[in-house]
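The next block holds one structure in the form of structure tokens; read it before the comments.
The values are calculated or read from the model by the stated rules, or taken from the named source; none is laboratory data. Model, not experiment: these values are computed from the prediction. Quick reminder, even Gly has a Cβ in these numbers, built from the backbone with ideal geometry, and neighbours come from all protein chains shown. When the accessible area is computed, the model is the full protein with side chains, heavy atoms only, and any ligands, DNA or RNA have been set aside. Shrake-Rupley method; radii C 1.70, N 1.55, O 1.52, S 1.80 Å.
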Amino acid sequence: MKILIIGGNGTIGKKVTERLSIKHEVIVAGRNSGDINVDFSESKSIKSMFETIGKLDAIVAVAGDAKWDKFNNLSEEDFYIGIKSKLMGQVNTVRIGKEFLNKNGSITLSTGILADDPVDMTTSAAMVNGGIHSFVKAVALELENGIRINAVSSDLVEDAYEKYKDYFPGNTPVSMDKIVDGYVKSIEGKITGRILRILA
């Protein structure tokens, strides 16, 4: 299987890349590293990436930014960071990428626990994650050619625990292996339209 992982060098992405590389041909795309560069907030860059790579069996997006700050501090432009990058970056990955998927291919997007269980300063990020969840469930009804789509939504990840633990008091970190299992289930299984919530 030929798999593209956007954000394949990030905290979660590199673990997904390591696991999938055992059985599959993996191409890593990133802002500044990987096999090919992509600006996830620009649809032209996403399209150029797919045109360069060609046909694929699976697409994984573990990318996208959102602004973390107190709601009273967030400007309209601050909200657009998450909308343009994480939300529309993943939507455009589906919109453009489906044309480069072989029959019965799959797309796996990434969100996080904030959609269901937000914490302080995450109004923008939680909104974006929730939007992706709704998008996945709706677009799964319309994708053609046997293409499947799911999203992996994990709690605070083990490898980022020290960095983010003060933002998530009381959250038990999830093992990286368990999170990667969610991506494998989405890619190698038959499910579609699912939000795979990975909790400790």
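List of remarks:
- Pairs meeting the criteria (first residue in the stretch 172-197 and without any contact (Cβ under 8 Å) to a residue 40 or more places away in the chain and of a type outside the set (D, E, K, R), second residue surrounded by 15 or more Cβ atoms within 10 Å (Cβ to Cβ) and in a loop (DSSP other than H, G, I, E, B), beta carbons under 8 Å, at least 6 apart or on different chains) are T172/D155; T172/L156; P173/D155; P173/L156; V174/D155; V174/L156.
- Residues that are buried (at least 17 other Cβ atoms within 10 Å of the Cβ), of a type in the set (A, V, I, L, M, F, W, C) and out of contact with any strand residue (DSSP E or B) (no Cβ under 9 Å at 6 or more places or on another chain), drawn from the stretch 45-73: A66, W68
- Qualifying residue in the stretch 86-103 (condition: assigned to a strand (DSSP E or B) and not polar (S, T, N, Q)): yes
- Those residues of the stretch 114-163 which are assigned to a helix (DSSP H, G or I), farther than 19 Å from R197 by Cα and open to solvent by 10 Å² or more (accessible area, probe 1.4 Å), in sequence order: T123, E162, K163
- Residue selected from the stretch 181-200 under the condition β-branched (V, I, T) and in contact with a strand residue (DSSP E or B) (Cβ under 9 Å, 6 or more places away or on another chain), by the criterion most open to solvent (accessible area, probe 1.4 Å): T192
- Any hit, the stretch 61-70, residues being assigned to a strand (DSSP E or B) and under 21 Å from R197 (Cβ atoms): yes
- Residue within the stretch 169-192 that is at pLDDT 95 or above, at positive phi and either assigned to a loop (DSSP other than H, G, I, E, B) or acidic (D, E) (or both) present: no
- When S85, S110, S106 are screened for being closer than 23 Å to D166 by Cα and either among the polar types (S, T, N, Q) or open to solvent by 20 Å² or more (accessible area, probe 1.4 Å) (or both), only S110 passes.
- Failed condition for R31, given (1) modelled with pLDDT of 95 or more; (2) buried (at least 17 other Cβ atoms within 10 Å of the Cβ): (1)
- I113 vs. criteria in contact (Cβ under 8 Å) with a residue 24 or more places away in the chain, hydrophobic (A, V, I, L, M, F, W, C) and closer than 26 Å to M1 by Cα: no
Residue by residue, here is whether (1) in contact (Cβ under 8 Å) with a residue 12 or more places away in the chain; (2) farther than 16 Å from I3 by Cβ holds:
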{"position": "K44", "(1), (2)": "no, yes"}
{"position": "M49", "(1), (2)": "yes, no"}
{"position": "A58", "(1), (2)": "yes, no"}
{"position": "A63", "(1), (2)": "yes, no"}
{"position": "F71", "(1), (2)": "yes, yes"}
{"position": "L74", "(1), (2)": "yes, yes"}
